[in-house]
Amino acid sequence: MNRLNSTSPVSPQASDNGHIPRPVIDDVAGAVDRMHEQLTELREQLAGVIVGQDDVSEQLLTALLCRGHCILQGMPGLAKTTLIATLASLIDLSFRRVQFTPDLMPGDITGTEVLEEDHTTGKRIFRFVEGPLFGNVILADEINRTPPKTQSALLEAMQERQLTVCGKTYKLPDPFFVLATQNPVETEGTYPLPEAQLDRFLLKVHIHYPDRDQEREIAIRQTTDYSFETRTVLHGDDIRHMQALVRSVVVSDHVYSAALDLVRSTRPEEGTMPDDLKQMVQWGAGPRATISLLMAAKARALLNRRCHATTADLIAVALPVLRHRIILTFNAEAAGIDSDSVLTRIIEATKSLHKPASESKA
């Protein structure tokens, strides 16, 4: 274990929407130990319901610590919805599930004003009825099955953590997370998310098939009387303190430089991309990708009980952070090349990611 042994004060800062100040952390090392114990218990609870998917669980916790949103993509039947619902049950926060369908309207998720009569005065007044977005954890199930008009209703909520309805702005609860799911094989009646909205998601998580032993365990659990009662592990204040702790993680200059090198290498016009990849990438990742990459690396360091982020953390989170932020050319898609294979090559070619810290400083 490599962590700080001294205390380090963290000053309170305003949240992204400027309304809720972050908690003050006086003992960073002690906070890391307490957080590790809580997250270990949460993972144990999660394993009682979900078989395998350890990498997916870690990425969801990374997003939780970073105040970020996630989009989960996988074949039907891989427990995407169950995973999110179980995680929400372990946290003492309000959970809302929205099934996205082609006929879903923006007002169905944001809420709307209704005309009511005051029986005492006889006057008619408008009253705002909150939609399902007014919760802490929002499961946007099959988000690619609803038209862009409804998808765009999430933009303000995800970025500003507020909603504007009928000219009035309503603040959303804190913490606020959007966890969306989509199936990669669905093409009929689907509406792919635009790049601007994909960029709002901190991570795009791929869920793969379980191995043979895991699938056997799943079959046994689902065909017997196996049951597991989950219990609340984290509360809202716990999560807010963890999120404040992420910002106190130390990042060395060479890690900042490596993150910049990686993100800028995804842009063909920068000239650092391998020559054979320049014809495959149309647009690279923007500055939000650099911020997301560093925040995710910090969160992963804490999940591994460290108070400093390394280039190994950058490499570990690079694919889920960047895979939805680069746009491939038609030639690459026609050749069956996906973003993960392109990014893997770019990661391998980014020398600063693989240099020892001492060599980078020199």
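If you take the square roots of the eigenvalues of the alpha-carbon gyration tensor of the stretch 125-270 and sort them as a ≥ b ≥ c, do you get rounded (a/c under 1.5), prolate (a/b over b/c) or oblate? Because its axes are fairly even, with a/c under 1.5, the stretch 125-270 counts as rounded. Each DSSP beta bridge with both residues in the chain is either parallel or antiparallel, and the antiparallel ones are about 40%. In plain terms, the chain from Val114 to Lys171 could stretch by 18.6 nm, reckoned as 0.36 nm per residue minus the Cα-Cα distance.
Counting only Cα atoms, the size of the stretch 220-362 along its three principal axes is 54, 46, 24 Å, in decreasing order. Averaging the Cα positions of each part gives two centres, and for the stretch 145-165 and the stretch 248-283 these lie 30 Å apart. Binning the alpha carbon pair distances of the stretch 318-359 at 10 angstrom intervals from zero yields the distribution 26, 45, 21, 7, 1, expressed in whole percent. Taking the charge dipole of the stretch 19-133 about its Cα centre, with +1 at Lys and Arg Cβ atoms and -1 at Asp and Glu Cβ atoms, the residue from Thr81, Ile50, Thr112 reaching farthest to the positive side is Thr112.
Overall, the anisotropy analysis places the stretch 26-162 in the prolate class: the square-rooted eigenvalues a ≥ b ≥ c of its C-alpha gyration tensor yield a/c not less than 1.5, with a/b exceeding b/c.
Projected label points at Ala349 and Leu155, each 7 Å from Cα along the beta carbon direction, are separated by 3.2 nanometres. By the equivalent-ellipsoid construction on the alpha carbon gyration tensor, the stretch 35-96 comes out with semi-axes of 17, 14, 12 Å, ordered largest to smallest. Scanning residues 5 or more positions from Gly74 or on other chains, those with amide H under 5 Å from its amide H are Gln182, Ile207, with H placed 1.01 Å from N in the peptide plane.
Classification of the stretch 205-288 by its C-alpha gyration tensor yields an oblate form. The axis ratio a/c (a ≥ b ≥ c) is 1.5 or more, and b/c is at least a/b. Solvent-accessible area assigned to carbon and sulfur over the chain amounts to 49 percent, based on a 1.4 Å probe. Here each label is just a point 7 Å from Cα along the line to Cβ, and for Gln222 and Glu333 those points are 3.2 nm apart. With bins 20 Å wide beginning at 0, the percent of Cα pairs of the chain falling in each bin runs 26, 57, 16, 1.
The calculated 222 nm mean residue ellipticity attributable to helices in the chain amounts to -12000 deg cm²/dmol, summing -39500 (n - 2.57) over DSSP H runs of n ≥ 4 and dividing by all residues. Just checking the listed ones, Thr223, Thr169, Thr62: in the Gaussian network model of the chain with Cα springs under 10 Å, the one fluctuating most is Thr223.
Between Pro194, Trp283, Gly167, the Cα set farthest toward the positive side of the dipole of the stretch 159-315 (charges on each charged residue's Cβ, about the Cα centre) is that of Gly167. Distance between the 7 Å Cα→Cβ label points at Val250 and Asp213: 3.8 nm.
Relative to the globular-protein estimate of 2.2 N^0.38 Å, the Cα radius of gyration of the stretch 92-182 stands at 1.18. Applying the criteria of a DSSP loop state and at most 11 other Cβ atoms within 10 Å to the trypsin sites (Lys or Arg not before Pro) of the stretch 117-226 yields Lys123.
Checked against a 24 Å cut-off, the cross-linked pairs Lys171/Lys298; Lys80/Lys351; Lys149/Lys298; Lys80/Lys204; Lys171/Lys204; Lys123/Lys168 give Cα-Cα distances beyond that limit for Lys171/Lys298; Lys80/Lys351; Lys149/Lys298; Lys171/Lys204. Neighbours of Leu139, meaning other residues whose beta-carbon lies under 11 angstrom from its beta-carbon, give a summed charge of +1 when Lys and Arg score +1 and Asp and Glu score -1. At a probe radius of 1.4 angstrom, the accessible area of the chain per residue rounds to 49 square angstrom. The gain in end-to-end length when the Thr164 to Thr121 segment is fully stretched comes to 12.6 nm, 0.36 nm per residue minus the alpha carbon separation.
Here the chain is treated with +1 on each Lys and Arg Cβ and -1 on each Asp and Glu Cβ, and its dipole about the Cα centre works out to around 780 debye.
The values are calculated or read from the model by the stated rules, or taken from the named source; none is laboratory data. Remember, it's a predicted structure, so these values are computed and weren't measured experimentally. FYI the Cβ positions are ideal-geometry reconstructions off the backbone, even for glycines, and counts take in every protein chain you see. Accessible surface areas use protein heavy atoms only, side chains included; no ligands, DNA or RNA. Shrake-Rupley method; radii C 1.70, N 1.55, O 1.52, S 1.80 Å.
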